[in-house]
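The values are calculated or read from the model by the stated rules, or taken from the named source; none is laboratory data. A quick note: this is a predicted structure, and the numbers were derived from the prediction, not measured. Please note: Cβ atoms are built from the backbone with ideal geometry, for glycine as well, and neighbour counts cover all protein chains shown. Only protein heavy atoms, including side chains, enter the accessible area calculation; ligands, DNA and RNA are left aside. Shrake-Rupley method; radii C 1.70, N 1.55, O 1.52, S 1.80 Å.
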2 protein chains.
Amino acid sequence: MNTAAQSTDQAVDSVDAVMNRLGQAARRAATTMAAASTAAKNQALLALGAQIRASAEALKVANAQDVNAAIANGLAEPMVDRLRLTDKVIATMAESCEQVAALPDPVGEITNVRRRPTGISVGQMRVPIGVFGMIYESRPNVTIEAASLAIKSGNGCVLRGGSEAIHSNLALWKLVQAALVEAGLPSDAVQLVPTTDRAAVGRLIAMPEFVDVIIPRGGKGLIERISNEARVPVIKHLDGNCHTYVDEAVDLALAVKVTDNAKTQKYSPCNATESLLVHVAQASAFLPLIGKVFADKGVEMRCDARAKAILADVPGAKVVDATEQDWFEEYLAPVIAVKVVDSLDEAIAHINRYGSHHTDSILTTNHPNGMRFIREVDSASVMINASTRFADGFEYGLGAEIGISTDKFHARGPVGLEGLTSMKFVVLGQGEVRT
Amino acid sequence: MNTAAQSTDQAVDSVDAVMNRLGQAARRAATTMAAASTAAKNQALLALGAQIRASAEALKVANAQDVNAAIANGLAEPMVDRLRLTDKVIATMAESCEQVAALPDPVGEITNVRRRPTGISVGQMRVPIGVFGMIYESRPNVTIEAASLAIKSGNGCVLRGGSEAIHSNLALWKLVQAALVEAGLPSDAVQLVPTTDRAAVGRLIAMPEFVDVIIPRGGKGLIERISNEARVPVIKHLDGNCHTYVDEAVDLALAVKVTDNAKTQKYSPCNATESLLVHVAQASAFLPLIGKVFADKGVEMRCDARAKAILADVPGAKVVDATEQDWFEEYLAPVIAVKVVDSLDEAIAHINRYGSHHTDSILTTNHPNGMRFIREVDSASVMINASTRFADGFEYGLGAEIGISTDKFHARGPVGLEGLTSMKFVVLGQGEVRT
């Protein structure tokens, strides 16, 4: 007992030592990255893209170790798939580095400069946050996404990928380090946690002296655990229980097209619609139309009594009674909750109560109703006459996305380069003093 | 033992019950506040100003209870002073409500709207954060500052003032409630914790379901405790170890005037300069000049060897050897740390290592040096040729200030109305779908 406890203590100590070393190195390098020129950062990104292309075979060899181990360990096929560095994934990683290089550099931009009565000019300068920690699961391409956004935004980062992808991640990380060196930037700026020991995560989220913010990507369990235990801010992405609300006055063809897209274009993304609310005045006209679409695509409808009364008549429709829990659910599957509401007020109240503050859309021809909806629905993205599936950093023109925040603090919705920066005040004077 | 433990449990339970009720009421009212018109919010603010003026005598009666108790309890005179609602303090509170009414309403503003290739328009709308919790010490006027900023920014709030100001705060809070009702707004939007039980603070900072962010104002101990224990984000204001750096090329008269102001205009504010760095090329010219000013004003100088060698010759100068700890110190007193540095690089490195990321200023005639300083010094406010004393919400034109953040996350530097809001994405479409 005593010996086992001691050796555990030693193992924890050594993980802590490793994490401290990584954190310290990232923190030191971040100072240089914050002052790096746009040219140097872009050079590193282009070098990284080129190295990924040139190292495709070596990457596949390293990746094969992970894939074979995953198969041997009986990992489910979809998980193994997410792990694979195919030629297509490798080409996409290289392209994404070049895309990030082409984005405008957010760092150093000075805005909102105004002259004050005292004579000083006050403005705000965008600067890197410092060091971010990223915790993610099997996909090794996230290593390159995170590294390239760190480089462009002038931040340091400490990356902790899934243990099942460790060989792939180490191989990718070596390329990142080489690219930084090639551009004259500190290779320490991007750190990869080399151990698969879970204690490393515990330390990563609790060292404010080295890491300023944690960005977790993964399942709800992982993110909740990290949010509860972190000693630094977390850019959280919890579930996406997204709503489409069909208003009293609506273009029915538009409503069918957009609702169909929002639910069925892809079932797994967090921005797919999970709940459909329909104003009572449109229920008997709209529900049979969308019900037929859902019946044809095999989408199960979990309905309140009024929706069920209408949808039960649609040939082939899978109609089920909704439970209270259904209004909270993120199905990520061919299932949708359906409810008839009496008013816009009821729709807004329902969304704010049961939704996850991710993305919600109103389909309406009524301008005041649309404006009330986007003002009063308390979600990261609110939409009028558009598919919830648009809630995405690329679709929004952010150029790249490190995550989608369902928090209200700092960054809300898709988080791009700007979300990895903060604004400091700058004061330009000519010797002014305070009186 | 058993009985004592039980009654403690019951007391804690009942504080929890009180806090839950306040939190729930604030959360519910915040929804209405978020959608309130600018006119209604301004009406409430003007009504509050008028009520404060009309209730001056009643406020002084309530305040006398607190002041008498404080004197009876042997509170130090400066603390008793901060507690007093004098005619002047009452008039200033009323005016501040009118000033906040005159500020532009940040809520609902839509910016950055851009058309995307898919046809959708994407922009960002400024919305309230929700409910903030504010924890502060003796000054009862903070109750009105916080309430008026909550009203204007469309947030709910839960206020927890110092126990020594409880009668004054309750009297002020009644006026806030009446003003909200007069404007047709929910009186629950502004809550005041009615108990002086310290367990209330523990609950306030740990109920993310009701309170979105905590803003503490007070001593370092209070803020550190809250930061460590809070389960929601905290807008932290830790110390202000502000630096003035006199560069290699400088207008000596300007440097003396600004350094003098930064240190001696007032000793107690967090934006007063605590450390003076001087480039070696200016040390023998500049230090005797500022040394004479400090000697005349009785400011003690804690010096490194090179600064001491020069300053020791200034008649009447109080010159002391600096210890390592002096470079970290926030004196809030007629004391300044003085160090000669060999380069801009050394100055920046020193500030980033020993400073508190609050406010730092370079005095220089060299443009590239000035730009490097404001880019590379990692502080909430960075200045060129201006007194650090300008770091203040009113001086920056924010109109009002709820605190100064030394964090990098969300809000940095003086926090005004905008710091109490967040940006959500809005998408305006005409039936677009994702392909």
| query | Just which residue of chain B brings its Cβ nearest the axis of rotation onto chain A, and by how many angstrom, rounded whole? | reply | B:H410, 2
| To the nearest 20 debye, what charge dipole does region A:242-395 have about its Cα centre, counting +1 at the Cβ of each Lys and Arg and -1 at the Cβ of each Asp and Glu? | 360
| request: Take the alpha carbon gyration tensor of the protein assembly as shown, find the square roots of its eigenvalues, order them as a ≥ b ≥ c, and report rounded if a/c is under 1.5; if not, report prolate when a/b exceeds b/c, else oblate. | output: oblate
| request: State to the nearest 20 debye the size of the charge dipole of the protein assembly as shown about its Cα centre, where the only charges are +1 on K and R beta carbons and -1 on D and E beta carbons. | output: 800
| Rounded to 5, the percent of DSSP beta bridges in chain B classed as antiparallel | 30
| query | Hey, rough spin-label estimate for B:T111 and A:V293, points 7 angstrom out along Cα→Cβ, what's it come to in nanometres? | reply | 3.6
| request: Starting from a label point 7 Å past Cα on the Cβ side, list the distances from B:G221 to the same position in the other copies, nm, shortest first. | output: 4.3
| query | Tell me, what is the FRET efficiency for A:V280 and A:N73 to the nearest 0.05, using R0 = 41 angstrom and their Cβ-Cβ distance as r? | reply | 0.20
| request: With a Förster radius of 25 Å, plug the Cβ-Cβ distance of B:A39 and B:E418 into 1/(1 + (r/R0)^6) and report the FRET value to the nearest 0.05. | output: 0.75
| task | Would you kindly derive the ³J(HN,Hα) couplings of region B:291-300 from the backbone phi angles with the Karplus curve 6.51 cos²θ - 1.76 cosθ + 1.60 (θ = phi - 60°), listing them in order in whole Hz, with x for Gly and Pro? | result | x, 5, 4, 5, 4, 5, 9, x, 8, 6
| query | Relative to the longest principal axis of chain B, what angle (0 to 90°, nearest 10) does the C-alpha long axis of helix B:87-102 take? | reply | 80
| task | Summarise the partner chain shielding of A:363-376 as one whole number: the mean count of Cβ atoms from other chains within 10 Å of each residue's Cβ. | result | 2
| To the nearest 500 deg cm²/dmol, what mean residue ellipticity at 222 nm is calculated for chain A from DSSP H runs of n ≥ 4 alone, each contributing -39,500 (n - 2.57), summed and divided by the residues? | -14500 deg cm²/dmol
| task | Could you pull out every residue, at least 5 positions away or on a different chain, whose amide H is within less than 5 Å of the one on A:D251? Hs are placed 1.01 Å off N in the peptide plane, and Pro or chain starts have none. | result | A:T365
| Residues of region A:378-405 with amide nitrogen under 19 Å from the 7 Å Cα-to-Cβ point of A:D345? | A:378
| request: Check the straight Cα-Cα distances from A:K266 and name the aspartates and glutamates below 12 Å, setting aside those fewer than 8 residues away within the same chain. | output: A:E274
| message | Using amide H atoms built in the peptide plane, which far-off residues or other-chain residues are under 5 Å from B:I214 H to H? | response | B:G133, B:V234, B:I235
| task | Tell me the distances, shortest first, between B:Y267 and the same position across the other copies, using label points 7 Å along Cα→Cβ, in nm to one decimal. | result | 7.3
| query | Tell me: how much accessible area in total is hidden between B and A, 1.4 Å probe, Å², nearest 100? | reply | 5700
| field | Coil-residue GluC sites (Glu not before Pro) of region A:128-213, DSSP, other Cβ within 10 Å capped at 15 | value | A:E209
| Per-residue ³J(HN,Hα) for region B:406-421, Karplus 6.51 cos²θ - 1.76 cosθ + 1.60, θ = phi - 60°, Hz, x for Gly and Pro | 9, 7, 9, 8, 6, 10, 10, x, x, 10, x, 4, 4, x, 9, 10
| note | Comparing each residue of region B:245-262 in the complete protein assembly with the chain by itself (heavy atoms, probe 1.4 Å, ligands and nucleic acids ignored), those losing at least 20 Å² of accessible area are B:L254, B:K257, B:N261
| said: Suppose you put the label 7 Å out from Cα in the Cβ direction; list, shortest first and in nm with one decimal, how far B:A58 is from each other copy's label. | reply: 7.9
| message | Residue by residue through region A:54-65, what is 3J(HN,Hα) from phi via Karplus (6.51 cos²θ - 1.76 cosθ + 1.60, θ = phi - 60°)? Round to whole Hz and write x for glycine and proline. | response | 5, 9, 3, 5, 4, 4, 5, 5, 4, 5, 4, 4
| query | Per residue, what accessible area does region A:1-151 have, given a 1.4 Å probe and all protein chains present, in Å²? | reply | 47
| task | Measure nothing but the geometry: give the 0 to 90° angle between the long axis through the Cα atoms of B:367-376 and the longest principal axis through the Cα atoms of chain B, rounded to 10°. | result | 50
| note | Long-range amide H partners of A:S422, meaning residues 5 or more apart or on another chain whose placed amide H is closer than 5 Å, are A:V127, A:I129
| For B:K308, which lysines qualify as cross-link partners when the Cα separation must be under 17 Å and same-chain residues fewer than eight apart are set aside? | B:K292, B:K318, B:K339
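Quick one: with all protein chains in place, what share of the accessible area of the protein assembly as shown is carbon or sulfur, to the nearest percent (1.4 Å probe)?
Percent of accessible area from carbon and sulfur atoms in the protein assembly as shown: 53.
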| message | On a full-extension model of 0.36 nm per residue, what is the gain between A:N20 and A:H367, subtracting their alpha-carbon distance, rounded to one decimal in nm? | response | 119.4 nm
| query | How much accessible area per residue does region B:242-395 have, in Å², with a 1.4 Å probe? | reply | 35
| task | Past 28 Å, Cα to Cα, is the threshold; run B:K88/B:K174; A:K41/A:K220; A:K236/A:K263; A:K220/B:K424; A:K174/B:K424; A:K60/A:K236 against it and keep the listed order. | result | A:K41/A:K220; A:K174/B:K424; A:K60/A:K236
